[in-house]
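> Can you read through this structure? Questions will come right after.
The values are calculated or read from the model by the stated rules, or taken from the named source; none is laboratory data. The structure displayed is predicted, hence computed values, not measured ones. Cβ placement follows ideal geometry from the backbone for every residue including glycine, while neighbour counts extend to all protein chains displayed.
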Amino acid sequence: MKRKAATCCGESSKDGDLPTEIPEQIQIELDAMGGFPALSKRIPSKKVLGERGRIYQALSDPHRLSILYIIRDQPLCVCVINRFMCLSSSKLSYHLNILKECGLIEGEYRGNWIIYSVTGRGQRLLQCTEHAERK
């Protein structure tokens, strides 16, 4: 015996398939925007979604956000960053690498030191989060 699956419209489908009926108002609005083909064009490519997912995942960690704020206004070396972070060298390196892989920070060698700074992308994302906080 097949289990009845609930649909988005509150009805049950006997065979678990997607519902065939769409609420009338939703269908009208969907048709006005060009239907399912137009809706599917609004979804970014899998590559773009994957990249954005990695960025949002990187930004979801308080340590990584702290690093971004620490170096937002001035490029700094690891020793200064870690004075605020108080992490083991391996943990700090881990977080810095995640931020670098997402293109949110960059490191520049100056002699024996690596100086980290926020990229343009990182600056824009910090501005977005600050703008959202003000609302």
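> Kindly evaluate Leu96 against the criterion of being modelled with pLDDT of 95 or more and touching a Ser or Thr at 6+ places or on another chain (Cβ under 9 Å).
No: the conditions fail for Leu96.
> Among (1) among the hydrophobic types (A, V, I, L, M, F, W, C); (2) touching a helix residue (DSSP H, G or I) at 6+ places or on another chain (Cβ under 8 Å); (3) closer than 30 Å to Pro23 by Cβ, there is one condition Leu87 misses while meeting the rest; what is its number?
Unmet for Leu87, out of (1) among the hydrophobic types (A, V, I, L, M, F, W, C); (2) touching a helix residue (DSSP H, G or I) at 6+ places or on another chain (Cβ under 8 Å); (3) closer than 30 Å to Pro23 by Cβ: (3).
> Separate question: Are there any pairs with C-beta distances below 7 angstrom linking a residue in segment 56-75 that is under 13 Å from Ile98 (Cα atoms) to a residue that is in a helix (DSSP H, G or I) and β-branched (Val, Ile, Thr), with the two at least 6 apart or on different chains, and if so which?
Partner pairs satisfying both residue conditions: Ala58/Ile98; Arg64/Ile98; Ile67/Ile81.
> Inspect all residues belonging to segment 80-93 and state whether any of them is under 16 Å from the mean Cα position of the chain (by Cα) and free of Cβ contacts under 8 Å to residues at least 40 places away in the same chain.
No: segment 80-93 contains no residue that is under 16 Å from the mean Cα position of the chain (by Cα) and free of Cβ contacts under 8 Å to residues at least 40 places away in the same chain.
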